[in-house]
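Here is the structure we will look at, set down as structure tokens.
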Amino acid sequence: MAFDAGMLACVIHELKTDSLGARVEKVYQPQADEILIQIRSREGGRKLLINAGSNNPRIGFSFSSKENPPVPPMFCLFLRKHLSGAKLSAVEQEGFERVVRLEFETRDEMGFACKRMLYAEIMGKYSNLIFTDGDGKVMSALKTVDFTTSSLRQVLPGMRYELPPAQDKLDPLQVSEEQFLSLYATSPEEGRCDKWITTHFMGISATVAREIAYRATRHIDTPLRYCEGDLLWREFASVMDVIREGNYQPTLISEGDRPVEYAFIALTQYGRTEGLEAKSFESAGALLDAFFDNRDREQRVRQRASDVLHILTNTEQRLRKKMELQRGELAECEQGELFKKQGDLITANLYQLKRGMKEAVLVDYEDYREDGTYGEVVVELDERLTPAANAQRLYKKYNKAKNARVMLTEQLRKGEEELNYIYTVFDALTHAETAADLAEIRDELYRSGYASRMKSYTQHKQSTPTVARFITDGGYTVLCGKNNVQNEYITHKLAEKTDYWFHVKGQPGSHVLMVCHGEEPGEKDFTQAAEIAAYYSKAAGAPLTAVDYTFARHVKKPSGGKPGLVIYHTNWTAYVSPRAEEIQRMRVK
């Protein structure tokens, strides 16, 4: 789903309603392509998020917390210099383009009143943030564009700001019914209704175009020849009226806990799709947070943890290849019993054998058959050796295979343990939320013997881990580790003997501790703690997840075990289906 011009109009309506006249308190830049403007009005403080990245570009109020870098980037410092204390005086959409102009009233370096403009271009990979003076002269930009990058439009300090090149499409807010029907009548009948809308009208996403087609024809892929122009115009005009009148219905379509689509209008096209659920939001900001929060976090983790992912991926591939070869060698060791049997047969028939024989057919008295006869075994001999020496040669091969079986079995066991440990670190990366979480994972790998693969990494003094905290409906505190360092801290440092310990059954996941202070929690508290353990595990998203729980005193760390590895033998098992909204409701921010 693209952030289209209709969604931008919805956000601008919200900004005009809640924030005109608000003062800028602070400007942050959590990511290289993301700006967060803290503003305050009579209604209180709000955070305006502007993302100009190629993956998730958008603008809107945000209620989620962002981690800021220790040293602000230059563009952030520039905006702080010019916007701190400024008043947001106007918010306008440039035509029906995905461009919004934020106008601020402030004072220049000499103390004179002036205006400053911040243009947010929410246009996919061409998204940008451009800061100008009151006359439209570019003062700075998040991404400068010179002649080597684009010959059509340059964005450089000192140049006048120009809108992006216009598309050869109609403005849907300005088109009349006569124009619409005339264009419809002259269009090829083979095309689809939704494709026809996105081809001829600017600022309309594919999702909204399918919704218009669905409302007019009850199908999303109806060809033009089966669609009545009057019905299509009626639904098209009704969506445009939503924008003109400001009667937005921010809607999110999700599949379980996974967001799928969003729009500024109700989406009825998914009503018959099994597994998809529609949810309405009171504000565009809350909708965008719900859709993008997890995506942003995963993207940040991928960017910041690329070195860790590289180490883990290479280690997993190396272990799998090594273990596959070891399993092949172990299968060959099964011939060891055959070598011993052949040696025994040669020893029992020494009187029949002579040096120089290449093979011998010997009676196998262990292979008795129903007809009263015995089976025979063909034994290959080294003609250079005596029969006794041939038997000793086979016994040596047997002993070598026996010893190799023991060693290979042990090596495979260690390989399985290391592979399981790697999976726990993979799982920890999916739950990492802050730079501190990633730093703990790097330090854990360093201390676990992966230092040689972590170039330019220097070991830091371990600080007290910060674990996730939750409060159940019964008032009990639940602690959750998001990596092995935090898991060990919870289980072996914080846990009291009578506290309850939870972990997903048979899969990588977080250690979860319910602090009881000697009390016995209620049934719902146990269920909620088990849901937290299931949610922060590799089994997250499964319809039903098994979670083991026991007293913390029963959980032990095996001697020489990897970080986060524990054993327990006395436990109960609960089956739960965690929901993301419920987990976030219980979490202590």
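The values are calculated or read from the model by the stated rules, or taken from the named source; none is laboratory data. On a predicted model such as this, the values are computed, not experimentally measured, just so you know. Positions of Cβ are backbone-derived with ideal geometry, glycine not excepted, and every protein chain shown enters the neighbour counts.
Listing for the model above:
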{"quantity": "Number of the condition not met by M123 [criteria: (1) among the aliphatic types (A, V, I, L, M); (2) exposed (fewer than 15 other Cβ atoms within 10 Å of the Cβ); (3) under 30 Å from Q269 (Cα atoms)]", "calculated": "(2)"}
{"quantity": "Selection status of A539, touching a strand residue (DSSP E or B) at 6+ places or on another chain (Cβ under 6 Å), assigned to a loop (DSSP other than H, G, I, E, B) and not assigned by TED's automatic domain parsing to the domain that holds D257", "calculated": "yes"}
{"quantity": "Selection status of L408, over 23 Å from I346 (Cβ atoms) and either buried (at least 16 other Cβ atoms within 10 Å of the Cβ) or in contact with a Pro (Cβ under 6 Å, 6 or more places away or on another chain) (or both)", "calculated": "yes"}
{"quantity": "Condition met for K589 (in a helix (DSSP H, G or I) and either more than 24 Å from A439 (Cα to Cα) or in contact (Cβ under 8 Å) with a residue 24 or more places away in the chain (or both))", "calculated": "no"}
{"quantity": "Any chance V378 is assigned by TED's automatic domain parsing to the domain that holds G328, loosely packed, with under 12 Cβ neighbours inside 10 Å and within 22 Å of Y351 (Cβ to Cβ)", "calculated": "yes"}
{"quantity": "Hey, A213 without any contact (Cβ under 8 Å) to a residue 24 or more places away in the chain, buried (at least 21 other Cβ atoms within 10 Å of the Cβ) and of a type outside the set (D, E, K, R) or not", "calculated": "yes"}
{"quantity": "Some residue of segment 61-74 being modelled with pLDDT under 90, of a type in the set (D, E) and under 20 Å from the mean Cα position of the chain (by Cα)", "calculated": "yes"}
{"quantity": "Residue match in segment 369-376 (condition: of a type in the set (V, I, T) and outside any loop (DSSP other than H, G, I, E, B))", "calculated": "no"}
{"quantity": "Verdict on T464 being polar (S, T, N, Q) and either at pLDDT 80 or above or in a helix (DSSP H, G or I) (or both)", "calculated": "yes"}
{"quantity": "Lone unmet requirement of (1) under 20 Å from V239 (Cβ atoms); (2) surrounded by 18 or more Cβ atoms within 10 Å (Cβ to Cβ) for A2", "calculated": "(2)"}
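Residue by residue, here is whether (1) part of a helix (DSSP H, G or I); (2) closer than 24 Å to G285 by Cβ; (3) assigned by TED's automatic domain parsing to the domain that holds G95 holds:
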residue	(1), (2), (3)
Y214	yes, no, no
I220	no, no, no
L231	yes, no, no
A237	yes, no, no
I243	yes, yes, no
N247	no, yes, no
